[in-house]
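These notes are about the structure you will find just below.
The values are calculated or read from the model by the stated rules, or taken from the named source; none is laboratory data. Here the structure is a predicted model, which is why all the values come from computation and not from measurement. Please note: Cβ atoms are built from the backbone with ideal geometry, for glycine as well, and neighbour counts cover all protein chains shown.
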């Protein structure tokens, strides 16, 4: 039996998600379908993980990337996507994740093109054909919502459970996390 293909986009050398294919932008760009076609057959991937990647695309590019991923995912396959949360009510956090980022051009947020909230992220993936399950997010009032998820299906460090900046008393850094599922 063939092993399920699971791909990490922009892995940044993460030690997590063993058994997944770890990639970087130069080798597998979300917007370059030619790179996908060379490596994968259509409908062959079980899961795609993208932790803090999609905010480096415009909304329109995000829809385009979602559509490319959709064609390479098997029915029932999914993208686990984590991005900075535009509704997280922390001024310092919002300054760090803002479009264009703070400080010098080498700052990781310097190439941020959008700060998503759950509405924009969900609509972007729905435009790409996906059903969207929100896992962690803040609503318009800043209230944090958590729906249980299995880290073995895609580990997200910048999450309520795993980020070292979070405690039982206070959330220091969260992500908007969603599973975008290809319809069967």
Selection from the range 1-23 of residues at pLDDT below 90 and more than 13 Å from residue 45 (Cα to Cα) yields 1, 10, 11, 12, 13, 14, 15, 16, 17, 18, 19
Considering residues that are in contact (Cβ under 8 Å) with a residue 24 or more places away in the chain and under 22 Å from residue 108 (Cβ atoms), the number found within the range 31-65 is 16
Might you let me know whether the range 56-68 holds any residue that is buried (at least 18 other Cβ atoms within 10 Å of the Cβ) and in contact with a strand residue (DSSP E or B) (Cβ under 8 Å, 6 or more places away or on another chain)?
yes
Search the range 44-76 for residues being under 20 Å from residue 127 (Cβ atoms) and assigned to a loop (DSSP other than H, G, I, E, B), and hand back the single one that is farthest from the chain's Cα centre (by Cα).
58
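Kindly indicate the residue of the range 155-184 that is closer than 22 Å to residue 127 by Cβ and either without any contact (Cβ under 8 Å) to a residue 12 or more places away in the chain or within 16 Å of the chain's Cα centre (by Cα) (or both) and also surrounded by the most Cβ atoms within 10 Å (Cβ to Cβ) among those meeting that condition.
178
Please verify whether residue 117 is without any contact (Cβ under 8 Å) to a residue 60 or more places away in the chain, surrounded by 13 or more Cβ atoms within 10 Å (Cβ to Cβ), in contact with a strand residue (DSSP E or B) (Cβ under 9 Å, 6 or more places away or on another chain) and farther than 27 Å from residue 6 by Cβ, treating the condition exactly as stated.
yes
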So is residue 6 touching a strand residue (DSSP E or B) at 6+ places or on another chain (Cβ under 8 Å), farther than 21 Å from residue 126 by Cα and not in a loop (DSSP other than H, G, I, E, B) or not?
yes
Could you tell me whether any residue of the range 14-30 is free of Cβ contacts under 8 Å to residues at least 24 places away in the same chain, farther than 21 Å from residue 136 by Cα, touching a strand residue (DSSP E or B) at 6+ places or on another chain (Cβ under 8 Å) and assigned to a strand (DSSP E or B)?
yes
Looking at this structure, is residue 71 at pLDDT below 95 and within 25 Å of residue 17 (Cβ to Cβ)?
no
